[in-house]
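Every number here is computed from the coordinates shown, using simple stated rules; none is lab data. Here the structure is a predicted model, which is why all the values come from computation and not from measurement. Cβ coordinates were reconstructed from backbone atoms using ideal geometry, including for glycine residues, and neighbour counts include every protein chain displayed.
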Amino acid sequence: MLENMPWTRACVKEVLRYRPPVIMVPYLVKKDFHISESNYTAKKGSMIIPSTWLSLHDPEAYPSPDVYDPERWISGTAEEQGKNWLVFGTGPHYCLGQTYAVLNLMCFLHMLASELEWSHTVTARSEEIRVFATIFPMDDLLLSFSRRGAEAAVGAGTA
Ligand code: HEM
């Protein structure tokens, strides 16, 4: 079923690109490591902290990177940008949960969208980002839900 939901997948992949939950991954250098095509060598014992944010907002890979645009995963070239898709890291320690995470978010989004009406109170700080391990909207996200077709709110408040 989930493989037949390209738009739900596109929405999940786009929100992970647009607002990645992990914006940097720290690595400890185990031995001197020369960065190819540069004259820089990372010394043993130093910390390297690559930013996933910059790759995921690279305009060469994702045109208009600061626009939330699921369409780029349908008719655009986003699926071809494997080197930039660092939401789940890369290399031998890439995230073991990445397939599960995307499928789980698809299920979650599908259920919330089909069962509930969403109401988002947008404030001047909604698009500002607070970094605290992961990222949050600065206004904490003023979102309320009501069951479709019912008067009673099932989860009003912040979420
Ligand atoms: C949206 C949700 C998630 C995001 C954005 C995420 C992101 C990441 C990132 C960036 C890394 C570091 C990769 C690297 O060092 O290059 C990582 C590692 C890891 N993740 Fe996730 N992750 C998510 C969900 C999950 C889930 C649901 C599981 C387990 C069910 C999981 C299990 C792991 C494990 C075991 C590692 C360490 C792999 C290793 O060191 O070899 N992750 N994740």
Roughly how big is the chain's charge dipole about its Cα centre, with Cβ charges of +1 (Lys, Arg) and -1 (Asp, Glu), in debye to the nearest 20? 700 debye
Between region 53-86 and region 8-23, how far is it from one alpha carbon centroid to the other, in angstrom? 10 Å
At 37 °C and a viscosity of 0.692 mPa s, what translational diffusion coefficient does Stokes-Einstein give for the chain, taking Rh as the Kirkwood radius over Cα pairs? Give it in µm²/s as a whole number. 180 µm²/s
With a cut-off of 8 Å between alpha carbons and a minimum separation of six or more residues, what is the relative contact order of the chain in percent? 20 percent
Asp32/Asp58 FRET efficiency (R0 41 Å; Cβ-Cβ; nearest 0.05): 0.90
Quickly estimate the mean residue ellipticity at 222 nm for the chain, helices only: each DSSP H run with n ≥ 4 gives -39500 (n - 2.57), and the total goes over all residues, rounded to 500. -7000 deg cm²/dmol
Placing each pseudo-label 7 Å from Cα in the direction of the beta carbon, Val67 and Cys107 end up separated by a distance in nanometres of 3.4 nm
Theoretical FRET efficiency, 1/(1+(r/R0)^6), r = Cβ-Cβ of Asn4 and Ser146, R0 30 Å, to 0.05: 0.60
Starting from the Cα-Cα distance between Phe132 and Thr41, subtract it from 0.36 nm times their residue separation and give me the gain in nm to one decimal. 29.7 nm
What order do you get for 96-103, 66-73, 31-38, 5-12 when each peptide is scored by the mean count of other beta carbon atoms within 10 Å, highest first? 5-12, 66-73, 96-103, 31-38
